[in-house]
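**Q** Quick one: the structure is below, questions incoming.
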Amino acid sequence: MGNAVCGGRPKEILVVEDESRMARLLVRALDAAGFRTSAEETGLAGLKRLSDDSFSLVVLDLTLPDVDGVAVLTRARERHPDLPVMILSALSDVRSKVMCLELGAQDYMTKPFDLAEVIARARMHTRGDHRSDRRTLQAGTLTLDLKRNVVGTADGEVALTMRESVLLEYLIRHEGEACTRKELRENVWGSSFDPGTNVVDVCIARLRQKLGCDAIETVRNVGYAFVGS
């Protein structure tokens, strides 16, 4: 239970799930694991709780009765860029998974799921904000603002998505190293999640276009490397 407690206080999780039975099951399991868990059955109620309270993790269903989960995810990420969101959904298609991960979800699990895995992933995502104590990264002519998800280039500032920012941060911190696609998926898109698409390549292409330089090099048959600018 140690991973669920911070400074003697349980870490708080918000479950946004419209099926009452499922919500109760998640609340009981997460509380038993040492978290302090609240549940809301609509997207609007979930967003209101996020504006009123401080949470360490949101567990979010996509099929909600008022505002759909994708809209809740988008608004939650806009308001709280560093708040991890874990999707729990019956939607198992690749398009839904990739879209949510691109919008900033930390993880995506499909129903039915194993409660032990939900708890393990919740603990992993609430170990602490790995970006909270670092404001900027400097790499050659590039300056990455980790809070604003903006990169400063020779031509001015460029806005990044949350996923692009995390990907660029990872590459910069491993400058000169060849990072495999599997490594990038695991460290940028979530725990061992493989969407079965070229999501890494697509995100790299967008980053290259925004940076307007040759800072990210393709390592043939391996992946990518940040080589500076």
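**Q** Once the Cβ-Cβ distance between Thr180 and Asp145 is put in as r, and R0 is 30 Å, what FRET efficiency do you end up with, to the nearest 0.05?
**A** 0.65
**Q** How much of Ser56 can a 1.4 Å solvent probe reach, expressed as accessible area in Å² and rounded to 10?
**A** Probe radius 1.4 Å; accessible area of Ser56 about 40 Å².
**Q** Here's a follow-up. For the Cα atoms of the chain, what angle does the longest principal axis make with the long axis of helix 20-32, in degrees from 0 to 90, nearest 10?
**A** Roughly 80 degrees between the two axes.
**Q** Mind checking the per residue accessible area of the chain for me, 1.4 Å probe, whole number of Å²?
**A** 47
**Q** Counting only protein heavy atoms and using a 1.4 Å probe, what share of the accessible area of the chain belongs to carbon plus sulfur, as a whole percent?
**A** Answer for the chain: carbon and sulfur cover 48 percent of the accessible area.
**Q** Consider just the alpha-carbon atoms of the chain and return their Rg together with their Dmax, both in angstrom.
**A** 18.1, 54
The values are calculated or read from the model by the stated rules, or taken from the named source; none is laboratory data. All values derive from a computational prediction rather than experimental measurement. Every residue, glycine among them, receives a Cβ derived from its backbone with ideal geometry; neighbour counts consider all protein chains shown. Note: accessible area is taken over every heavy atom of the protein model, side chains too, but ligands, DNA and RNA are not part of it. Shrake-Rupley method; radii C 1.70, N 1.55, O 1.52, S 1.80 Å.
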